[in-house]
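The values are calculated or read from the model by the stated rules, or taken from the named source; none is laboratory data. Keep in mind that what you see is a predicted model, and the values were worked out from it rather than measured. Neighbour counts run over all protein chains shown; Cβ positions are idealised from the backbone, glycine included. Remember, those area values only see protein heavy atoms, side chains included, never the ligands or the DNA or RNA. Shrake-Rupley method; radii C 1.70, N 1.55, O 1.52, S 1.80 Å.
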Amino acid sequence: MKKILLLLILAVPSFTQAENIEQILQMIAENNLELQSHKLATEAVRIENKAENSLGDLSVTYSSFYEQGEGNDHGSEFVATQGFDFPTQYAARHKQAEYKNAAADMQYQTARRDILLKAQLVCLEIIYLNKEKELLDIRQNNANKLEELYNIRLEAGDANALEVNRVKMERMNVQTMVAVNNAAHRTAMQTLLTMNGNKPLEFSSNEYPQTEDIPDFNTLKDMVINADPNLKSLSYSSLAASEQINVNMQNWLPKLELGFRRNTDNNKAMNGFVVGGSIPLFSNQRQVKISKVESLNAQLMEKDAELHVENSLMSLYNEMLQLKETMQSYNEELMYSSLSLLEKALEEGEISIIEYFIETESIYEKLLTRMELENQYQMVLANICKNRLIE
């Protein structure tokens, strides 16, 4: 019996229940296929950078020759050589490879940050939808109670068909809003599922994460710019481009070649060494000039990206302040209290059903607006603090 129960448990799909956004992001960081692809691409870049500074292939040649005539003497030659650059070039390329590797690492961190930010924004949307569903449930319960109440009043002659129809239309309207909410929730959860590599998960929180006070803009700007992985990647790329100038300036140095040589004939064999080299008098004439232009271009790209980050941050900062100020003008406690008072007044016959729906509709709209503002505020804050998602 225990074995049967165990098999039944294993046959049921397991869903990982996450209580907060941090747990969701941790799972997605482990399971996201796009992020795994970026990680492999970064490793490939590292291998490629190392290969560019390695020795070339060993060259091996063998030749056999014969003498025509009576003697038919036979001889052979075997040569094995290894070419390599001037030693200082390897040091320069090694330093450049370190900058390229650092740039690739920061590109991976940028991709990781952006993927996790997208997941975080989806989680914030789900929290909003859960909070909206709570409000819709309250509204739906009130509509059901009113429909039951006015059906009784209609039978007793205390209400007319028009009032009953108005209550039924409100109930239909709320049902439609619930259906839209459910559809949006399913879409958001499917997005999280895809980002988690189609590994099941559940997220049912209806509370936003605690937020910290944001410092003044100048302090915030310095923090963001110093932590931004994309800017770091461009900075390392600029250093690598600058180091390329040094690499190209050393390309005029001779390329060396050392090897072993063995000659044989019918009577004897001779061994020796091969020493050679080439002087690149013409192949490097324009490379230094090109690398200087590319270095300047990399510096300009870095500066342009920094300006874009600063301007984007300024927009987000101003939007955050405006949303915070607007949210503070809404008193949720007062609005929920007003809903209770209106319901009581309707039950006691102090107001008509038309007056009730006009007032409650206005309050529900304000509550939804307050929820939307809070959600926008949380999303703006997530964008401002996105560099915290870096490993």
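Tabulated results
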| quantity | calculated |
| --- | --- |
| Accessible area per residue, Å², the chain with all protein chains present, probe 1.4 Å | 61 Å² |
| Unit charges at the beta carbon, dipole of segment 280-361: most positive-side option, Ile353, Gln328, Leu316 | Leu316 |
| Dipole of the chain, positive direction: furthest Cα of Thr88, Gln175, Ile21, with charges on the beta-carbon | Thr88 |
| Three principal axis lengths of the chain [C-alpha, angstrom, descending] | 137, 66, 34 |
| Distance violations [Cα-Cα > 30 Å] among Lys303/Lys386; Lys289/Lys386; Lys221/Lys289; Lys133/Lys386 | Lys289/Lys386; Lys221/Lys289 |
| Label-point separation in nm, Leu162 to Thr264, each point 7 Å along Cα→Cβ | 11.8 nm |
| All-pairs alpha carbon distance profile, segment 116-190, 5 Å steps from 0, percent | 3, 16, 19, 15, 12, 10, 8, 6, 5, 3, 2, 1, 0 |
| Inter-centroid distance (Cα atoms) of segment 316-391 relative to segment 145-170, Å | 29 Å |
| Theoretical gain in end-to-end length, Asn182 to Gln328 [0.36 nm per residue, Cα-Cα removed] | 49.7 nm |
| Distance in nm between pseudo-label sites at Thr369 and Glu306 (7 Å out along the Cβ direction from Cα) | 4.3 nm |
| Cβ crowding within 10 Å averaged over residues, with 339-348, 236-245 ranked highest first | 236-245, 339-348 |
| Computed E for Asn297/Asn130 - FRET, C-beta separation, R0 41 angstrom, nearest 0.05 | 0.25 |
| Convex hull of segment 70-219 built on C-alpha atoms - directionally averaged projected area, nm² | 25.0 nm² |
| Carbon/sulfur fraction of accessible area - the chain, other protein chains in place, 1.4 Å, % | 54 percent |
| Highest to lowest packing among 123-136, 167-180, 89-102, scored as the average C-beta count within 10 Å | 123-136, 89-102, 167-180 |
| Net charge dipole size for segment 118-202 [Lys, Arg +1 and Asp, Glu -1 on Cβ; Debye, nearest 20] | 360 debye |
| Modelled FRET efficiency - R0 35 Å, Ser76 with Lys255, Cβ distances, 0.05 increments | 0.80 |
| Equivalent ellipsoid semi-axes, segment 81-124, via Cα gyration tensor eigenvalues times 5, rooted, Å | 41, 9, 4 |
| Pairwise FRET efficiency - Asn226 versus Lys50, Cβ, R0 = 22 Å, nearest 0.05 | 0.15 |
| Candidate lysines for bridging to Lys168, where Cα separation is under 17 Å - those fewer than 8 sequence places away on the same chain excluded | Lys145 |
| Length gained when the stretch Glu343-Ser59 is fully extended (0.36 nm per residue, less Cα-Cα span) | 92.9 nm |
| Three semi-axes of the equivalent ellipsoid, segment 186-239, Cα gyration tensor, whole Å, largest first | 33, 21, 7 |
